[in-house]
Amino acid sequence: MMDMRGFRDAVSGWANGGSGGAASDLAVRLGVRTVVLLEGLSDLAAVEALTARRGRELDAEGVCVVAMGGAMNIGRYAGLLGPPGLGLRLAGLCDEGEWGFYDRGLKRAGAPQRGFFVCVSDLEDELIRALGTAGVEEIVREEGDLRAWQTFLRQPAQHGRPRQQQLRRFLGTKKGRKIRYGHLLVEALAPEQVPAPLDDLLASL
């Protein structure tokens, strides 16, 4: 049986130059009403972790979460899925420094900006601030990454940098690490610690 993953794959293929027929058909069959557009897979992991914690099943609610592979793709996805294309409601998260791409892309597609929430500086930074650097370092230790973290801290480029910036950079130094920690950091949050952009996004869906 086809599920929301099939729709997500069809959208990705469409955005990469394929036909939109499959995505259009699946949107109707699956009752898709909203697409959450995220920059990358680490954001996707964080959103999925929080929805699971809150007992929500976005697929059943007609909500599809899509990782676009970069902020510069927002115009393409908004055009295909928003008013000029399938006419679905759009929502998402955005890094502070990438808002210009979102602003232009959404306006070009005639899609409202309501439902898009800005992270300072990005979602990883929001999560590190919410948990505190000591809390994040404890998760790093529990995950068996302490030696890699200590080696990273000895790099000359890291000397004198604030701990929060060091942790944020560390999460991006190995393929797959940001995705894994996107899930882990959300799992470690107390309910009142959920960063506002992430909390507001889920509340809007």
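The values are calculated or read from the model by the stated rules, or taken from the named source; none is laboratory data. Just so we're clear, the structure is a prediction, and the values are computed from it rather than from any experiment. Don't worry about glycine lacking a Cβ; one is built from the backbone with ideal geometry, like all the others, and counts go over all protein chains shown. The protein model used for the area step is the full one, side chains on, heavy atoms only, and it has no ligands, DNA or RNA in it. Shrake-Rupley method; radii C 1.70, N 1.55, O 1.52, S 1.80 Å.
Remarks
- Exactly one residue among Ala46, Ala23, Ala60 is of a type in the set (A, V, I, L, M) and surrounded by fewer than 17 Cβ atoms within 10 Å (Cβ to Cβ), and that residue is Ala60.
- Within the range 28-43, the set of residues being touching a strand residue (DSSP E or B) at 6+ places or on another chain (Cβ under 9 Å), of a type in the set (A, V, I, L, M) and open to solvent by 10 Å² or more (accessible area, probe 1.4 Å) comprises Leu30, Val32, Leu41.
- Scan of the range 1-20 for residues that are outside any loop (DSSP other than H, G, I, E, B), surrounded by fewer than 21 Cβ atoms within 10 Å (Cβ to Cβ) and hydrophobic (A, V, I, L, M, F, W, C), ordered by number: Met4, Ala15
- At least 2 residues being farther than 21 Å from Leu50 by Cα is the threshold, and among the helices (runs of 4 or more DSSP H) wholly inside the range 161-205 those reaching it are 163-171.
- Selection of first residues in the range 78-97 that are free of Cβ contacts under 8 Å to residues at least 12 places away in the same chain and of second residues that are open to solvent by less than 20 Å² (accessible area, probe 1.4 Å) and in a strand (DSSP E or B), restricted to Cβ pairs under 7 Å at least 6 apart or on distinct chains, gives an empty result.
- Qualifying residue in the range 138-147 (condition: closer than 21 Å to Glu192 by Cβ and in a helix (DSSP H, G or I)): yes
- Among residues of the range 41-92 being more than 20 Å from Asp103 (Cα to Cα) and either of a type in the set (Val, Ile, Thr) or assigned to a strand (DSSP E or B) (or both), the one that is farthest from the chain's Cα centre (by Cα) is Val63.
- The set of residues in the range 101-126 that are part of a loop (DSSP other than H, G, I, E, B), open to solvent by 20 Å² or more (accessible area, probe 1.4 Å) and at negative phi comprises Pro112, Gln113, Arg114, Val120, Ser121.
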